[in-house]
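Values in this text are rule-based calculations from the coordinates and carry no lab data. Just so it is clear, the model here is predicted, and its values are computed rather than measured. Note that we place each Cβ from the backbone using ideal geometry, even for glycine, and neighbour counts take in every protein chain shown.
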Amino acid sequence: MNLRDTVFKKKIKIWFLESAVVIIFLWILFMPNMTNYEKNENNYFTIKINGTVVGNVGSRNDAYEAYRYARRAIAKGNEGLTLTMADLSIEGESRMWGVVESPERIAAKMASILNQSKFDTVQKTYSVKINKFSLNLASIDEVQNLLERVISMYDEKDMFDVSLELDPTREVNVLMPKVQSKEEIQEEEGTLKPLLSNIGVNKTIREAADAADLKGDYKEFDDFKYGLVKIDFKDKIEIVESYLPADKLANPDTAFTDLTGDKNKEETYEVQTGDSLYSIAVHHNLTVDQLVEMNRDKLQDAASTIRDHDNLTVVVPRHELSVRYVMEEFRKHESYQAPISEIKNKKWFTTETQVIQEAVPGIRDAVLLTTYVDNRAEGTPEIEKIVKIKEAVPKVIERGTIEPPSYIKPISGGRLSSGFGKRARPTKGASTFHKGVDWATPVGTTVVASSSGTVTRAGWGSGYGYCVYIKHNDGRETRYGHLSKITCQVGQKVNQGDKIALSGNTGVSSGPHVHFEIRVNDNPVNPLEYLNQ
């Protein structure tokens, strides 16, 4: 081998070494990242979205970071929430060698798949809850405009504003409306203070003027302001943020109609002195029969007695969102009634009354504070000033003070086998109209007086079999039939619950039972409506 060949071979080796260095450098510079090898540890993770492989990373943190990038990319530019099908799968393994990608590159692939899997978009909304009624509006401005629109139905002079404030009693963010007069708002903001100072009126003078404000009796009729004095929502309103699809939002005009349209709602009415079933029914646009039907637990018929402070259920047309407001009003030559005067009679039952003197209305000029709910007067107006032109004559009623007797079931236990009224297949020889009720019970069951009274009959009563009649202090009568043995006698005074007989199967009877009647003015009534009253 000559020197020339040796030099050439050395040059070849140097060229190969230089080439290897360049190739390694280019590999490091341009080829994808490679995972680090750690013995017995997962260092290579395959990511799938909805079953599709989107790439590989060197750690779970990189996978989750890529997923977060993808979600942000989808949500970007959208104020609402985008709902997609997102089944994220991360499978790890240990490798000596593996190519990985950056979270940013994988996020772009994820976003593409997630965009294809969108199934809904929900937006930030505001839910308004009023009792059991609720609606959803697109913005807080729509909520406030709606509430202001409801108030403006009664605030013709635009004297009041509606603001929304956080409910301090709630742990979560719940807004509630606050209705204030614009004058109050200005005072709170201090806008009146400079004005008062400029005209030489300070706080002390103003307070003195307020303290010296004359009461209504000393004012002239022209001194009153008249009109709207106070206004607020009658119902509790709660407003919360929510995320809903667009088709769940209410149109503001439709929402206003829903809130302010009349709907019949049940309310409780407290009976006042002088009320009758007829007057209560007329006041609430009901018939007496409708009023009785709505209060079956308290009333038997149109002749039922009502007492002061009794509570009756009535139907009142109300709005879903009711507004209560107070008006200062002048009534010229108004007809008015004097309060009813009562005379107590300690010998009468409370169900007994007699009119001693009829009322004669008076005439007056008056300034009244009248409370309204949804344009309907409620309660008794507060009198600020009156000048009587003609004195009213009160109605005078004499009323008993003794509580009337109550009625109890005449036996313990038993099965109700026949009710009151018409029956299709009575026992042979019995009437098709059942004048009482029957309880099936074994022969020999103790029968007691349903109420205190005097025994007027005790013996055989044809179809009744052995029977007992008792006359009670309120004029009613009870009858007990088909008895096996009578343990009382005519003329005997009995107390409620006293034993009067044993049950049986006598007379026109289909089996062992007790027949029980209550009669009012000798007319049979349904006993079940009188028991335990």
Förster radius 41 Å - calculated FRET efficiency between Asp141 and Asp262, Cβ distance, rounded to 0.05: 0.90
Pop a pseudo-label 7 angstrom from the Cα along the beta-carbon direction at both Glu238 and Lys48 and give the gap in nm to one decimal. 4.4
What does the net charge come to around Val172 if you take all other residues with beta carbon closer than 15 Å to its beta carbon, with K and R at +1 and D and E at -1? -3
By average C-beta atoms within 10 angstrom, highest first, the peptides 63-76, 341-354: 63-76, 341-354
Give me the one-decimal nm value for the distance between modelled label points at Ser510 and Glu171, 7 Å along each residue's Cα-to-Cβ direction. 6.1
Can you tell me how the stretch 439-507 classifies by the Cα gyration tensor, rounded, prolate or oblate, using a/c under 1.5 as the rounded cut? prolate
What order do you get for 241-251, 497-507 when each peptide is scored by the mean count of other beta carbon atoms within 10 Å, highest first? 497-507, 241-251
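What is the local net charge at Pro252, summed over the other residues whose Cβ is closer than 12 Å to its Cβ (Lys, Arg +1; Asp, Glu -1)?
Cβ neighbours under 12 Å give a net charge of -4.
What does the charge count around Val316 come to, taking other residues whose C-beta lies under 13 Å from its C-beta (Lys +1, Arg +1, Asp -1, Glu -1)?
0
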Applying 1/(1 + (r/R0)^6) with R0 = 41 Å to the Cβ-Cβ distance of Lys182 and Val282, what FRET efficiency is obtained, to the nearest 0.05? 0.55
With charges only on Cβ, +1 for K and R and -1 for D and E, what is the dipole size of the stretch 263-402 about its Cα centre, in debye, rounded to 20? 320
Using packing as a proxy for protection, rank 259-268, 316-325 so that the peptide with the highest average count of other Cβ atoms within 10 Å comes first. 316-325, 259-268
Applying the gyration tensor rule to the Cα atoms of the stretch 415-529 (axes a ≥ b ≥ c; rounded if a/c under 1.5, else prolate if a/b exceeds b/c, else oblate), the class is oblate
